[in-house]
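Visitor: Right, I'll just put the structure down here and ask away after.
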Amino acid sequence: MSIAALAQSMGITLKALFSKPVTIPYPDAPVPLKPRFHGRHVLTRHPNGLEKCIGCSLCAAACPAYAIYVEAAENDPHNPVSAGERYARVYEINMLRCIFCGLCEEACPTGAVVMGYDFEMADYRYSDFVYGKEDMLVEVQGTKPQRREAAYTGKPVKKGYSVPYVRPELEGVKPPQQK
Amino acid sequence: MMSLCNRGQGPGDRAQGLNPFERIASSGPAPTPYLCSAGQNPAISLQKLLSFSLLLIAGLSLAADPTTAATANPTDPLWMVGIKAFLVIFGLLTAFAYMTLIERRLLARIQIRQGPNRVGPNGLFQPIADAIKSIFKEDIIVARADKVIFVMAPLISVTFALLTFGLIPFGPKDAFFGYDPWVIDLDVGILYVFAVSEMAIYGIFLAGWASKSKYSLLGSLRSSASLISYELALGISLLAPVLLVGSLNLREIVEWQYQNGWLVLYMLPAFAIFLLTSMAEAARTPFDLPEAEQELVSGYNTEYSSIKWALFQMAEYIHLITASAMIPTIFLGGWRMPGFLEQIPLIGGLFALPFVWMFVKIALFLFFFIWVRGTLFRLRYDQLMVFSWGRLFPLALAWFVLAALVVAFKLPTATLGWLSLLSLLVFSVYVTLTAKPKPRVTPRMGAGD
C-alpha cells in the first residue's frame, strides 16, 4: 500500500464528487432512451393515412411468447382501412406475455408493427394489459394507464423518457416534448 | 465471553432457556465452565464496574461545574453556563442529524449518484424522517441480554460524546452577547477531553457485553482494543504541542498560536498523527473495524434497534464533530482567522468574526473525513494494530522526544518548524522510495489496436 496510490485515489474521488451524477431521478426527470429501445409496439400508417398492417399474422407466427393475436378481414374497396387486400380487424398484443424481443417487427412484411418507446404500462387488471389497435396505432399517445390518468386529470399524457431522435421505422411518431 | 462460557454445560441447559449465570446462582455448585474462573460471577464485577463508571461520571460533571472546580476559571453566571450547555447539546444533536444527510449526499456524489433527495426540498427533511422512523420502530431488548446495562450502554456513549464539546472556544472573551463563547474554561482542558472521550469506550464495550451476541461481543472487543491502541498515539502526539505551548488550556493554546503562528507549522508530524488517530477515535472508514458490516453484521450495535441504535450513531457522529473541532483548535489557530488575511485591511475587518472561522474549519475537517470515507478501504484488524503500535506510536514518541529536546535546550521555536519541514522531506523521500513501479502494460495478443 503506497501512499502515492492513496493520494491518487483521493484525487479520483474528488473528481467524481464534482462530476454530474449518472443516475436519474426518474419520475421527475425523463429517462434518456436509445433510439432503438424496445418499448410498447406501434402500429404505423402510410403517409396517406392507410394502415400498413395487412393482417397476414406473420408477427403472430414469429412471436416466441405467443403474445399476438390477429384476425384479418377483407378491405372494402371503396373505403379501405389498409393498403392491401385485407386488414387486421383485430390486432391484440398481450403485454404481460410479450418479451419485447422485436421478432414481430422483423417478421412484418410491411413494417406495420414497430417497437416504440413507451414502457410505463404497469396496471391493475390482467385485461388491461391486452393492447388492441385502439391502444397501439401511431396517433395514440402513451400507454393505457397513462391515458387513463390523463383523462382523469385533464392534462396531456406525460411521458417518462427522452430520445435523441426517432428512428425512421417509427413513421409518424413524434419525440416527447422536452421542457 | 458469554457464549464461550456456555461451552462446559450440557445440551439440556439450552432447553431451560435460562440465563447461564442465573442458573449458576440458583442451582448450587455449577459445573466448571469452560474458559471461566470457577464460581465467580462476572455479572457482579461488571456491576461494580458500572457503579465505578457512574461515580466517575458524577466526579467529572462536578469537575466540569465552574463553581465547584478549582481548576475552572469561572467568569459567567451559572444560568448562562446552563444556557450555553443547552445550546451546545442542541447544536450538536442538530449537527448530527444533518451530518447524516450531508454525509449521505456527499458519499453519493463521490459515487456519481444523487443521494437522498426525496424528503422535502433537496432531501432537507430526511433527518426528521429518519428520527421519526427510528423512534417509532420496535424497540427490541434481547431476551437474554443484561437488561440494565443493555439500556445504559447507548446512554453512556452519548453522554460522554456530548461532554467534551463545551471546552472548545469559539471566539474571544465576551464574544457571545457579552458572555464567553465557551461552556467551560478548564486549565486541564486537553486532559479532560481525553479522560471523557476515553470513557466512551465503555458504552461500546458494555453494549457488546450486554447483548449476548457473538457479533456484538466480537465487535466491541475489536473496537475497545483498537480504540485503546489509538488513544496511546493520540495522547502522545498531543504531548509535544502541549510542551511547546506550556498549557493544557485550549483557550491558551489558541492564544499562543495567534502570537506565534499555527502549531501545524511547528508540529507537522504531531498534526498528521493526531489527524489519523482522530479518525480511528471516531471509528471512521479506514479504521471502522467496530462495525465492519461485511464481517460482523454491524459490530457492537448488532442487537440494538430503534432509538437505542440511533443513540450509538449519534455518539459516533458527535465524536466526529468533536474531533473536527479539536484538530483546528489545537493545530490550526482555533477560532482565529489565518494571520496573513488579517494584514489585508478590508477582509481583515470583515472576517474577524468569532464564530465564523471555527465553523469553517470544522466544516473543512468534516468534509475531509467524509471524503476519506468515500475513498479508502477498511484496514484488516492486524494491519490496524501494526499501524498503530508499529508506526504511529513510535513516530509520536520520537517527535515528542525531539520537541522535548528543543524545549529543554531553549532552542528557538523556529527549530521545530525546520524539523517539521525535514520530517516532511524524509516522509516524501520515503514515499517515493517505497512507491511501487507502475506495472508494465503488456500488449494484448491477437486484438488489433
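Visitor: Mind checking which of A:LEU50, A:LEU96, A:LEU14 has the largest fluctuation in a GNM of chain A, springs on alpha carbons under 10 Å?
Guide: A:LEU14
Visitor: Rounded to the nearest 10 degrees, what's the angle between the helix A:3-17 long axis and the longest principal axis of chain A, both from Cα atoms, 0 to 90?
Guide: Value to nearest ten degrees: 40.
Visitor: For the modelled label position 7 Å from the Cα of B:GLN259 along Cα-to-Cβ, which residues of segment B:408-424 have backbone nitrogen atoms closer than 14 Å?
Guide: Label zone hits: B:413.
Visitor: Relative to a virtual label point 7 Å from the Cα of B:MET385 in the Cα→beta-carbon direction, which members of segment B:211-233 show backbone nitrogen distances below 13 Å?
Guide: B:221-230
Visitor: Would you work out the relative contact order for segment B:83-423, in percent, from Cα pairs under 8 angstrom that are 6 or more residues apart?
Guide: 23
Visitor: Continuing with the same structure: Where does helix A:144-153 land angle-wise versus the long Cα axis of chain A, in degrees 0 to 90, nearest 10?
Guide: So the helix axis and the longest Cα principal axis differ by about 80 degrees.
Visitor: Tell me the Kirkwood hydrodynamic radius of segment B:217-307 in angstroms, computed as one over the mean inverse distance between distinct C-alpha pairs.
Guide: Every distinct Cα pair counted, the radius reaches 15.0 Å.
Visitor: In whole angstrom, and with the biggest value first, how far do the Cα coordinates of segment B:177-266 range along each principal axis?
Guide: 53, 34, 17
Visitor: Looking only at other chains, what is the average number of their beta-carbon atoms within 10 angstrom of each beta-carbon in A:3-11?
Guide: Mean inter-chain Cβ contacts per residue within 10 Å come to 4.
Visitor: Starting from the Cα-Cα distance between B:PHE367 and B:LEU87, subtract it from 0.36 nm times their residue separation and give me the gain in nm to one decimal.
Guide: Full extension from B:PHE367 to B:LEU87 adds 98.5 nm.
Visitor: Multiply the residue separation of B:ILE140 and B:ILE112 by 0.36 nm, subtract the distance between their alpha-carbon atoms, and state the gained length in nm to one decimal.
Guide: Full-extension gain reported as 6.4 nm.
Visitor: Tell me the relative contact order for chain A as a rounded percent, counting alpha carbon contacts under 8 Å between residues six or more apart.
Guide: Here the relative contact order equals 26 percent.
Visitor: Using a Förster radius of 41 Å, what is the FRET efficiency between B:MET80 and A:VAL31 based on their Cβ-Cβ separation? Nearest 0.05, please.
Guide: 0.10
Visitor: If one computes P(r) from the Cα atoms of segment B:83-423, what percent of pairs lie at distances over 37 Å?
Guide: Summing the P(r) tail past 37 Å for segment B:83-423 gives 19 percent.
Visitor: Taking N as the number of residues in segment A:6-138, what value does Rg over Cα atoms divided by 2.2 N^0.38 Å take?
Guide: Expressed relative to 2.2 N^0.38 Å, the Cα Rg reads 1.48.
Visitor: Let me ask you something else. Long-range amide H contacts for A:TYR161: which residues qualify at under 5 Å (H placed 1.01 Å from N, peptide plane, sequence gap of 5 or more or a different chain)?
Guide: Distant-sequence amide H within range of A:TYR161: A:VAL31.
Visitor: Taking each residue in A:16-27, count the Cβ atoms of any other chain within 10 Å of its Cβ, then average. What number comes out?
Guide: Rounded to a whole number, the mean comes out at 4.
Visitor: May I pose another question? Between B:VAL148 and B:PHE355, what is 0.36 nm times their sequence separation minus the Cα-Cα distance? Round to one decimal in nm.
Guide: Here the answer is 70.5 nm.
Visitor: Beyond a 29 Å Cα-Cα separation, which of these cross-linked pairs lie in this structure: A:LYS15/B:LYS133; A:LYS20/B:LYS361; A:LYS34/B:LYS133; B:LYS137/B:LYS214?
Guide: With Cα atoms farther than 29 Å apart: A:LYS15/B:LYS133; A:LYS34/B:LYS133.
Visitor: While we're on this one: So how far apart, in nm, are the two label points at B:LEU411 and B:PHE125 if each is 7 Å from Cα heading toward Cβ?
Guide: 6.2
Visitor: How long is segment B:178-333 along each principal axis, judged by its Cα atoms, biggest number first, in Å?
Guide: 53, 37, 19
Visitor: Moving on. To the nearest 0.05, what FRET efficiency results for A:LYS174 and A:TYR126 with a Förster distance of 35 Å applied to their C-beta separation?
Guide: Efficiency for this residue pair is about 0.70.
Quick note: the coordinates plus some simple rules give every number you see, no bench work behind them. All figures in this text were calculated on a predicted structure; none of them were measured in a lab. Methodologically, a virtual Cβ is constructed for each residue, glycine included, from the backbone with ideal geometry; neighbour enumeration extends over all protein chains shown.
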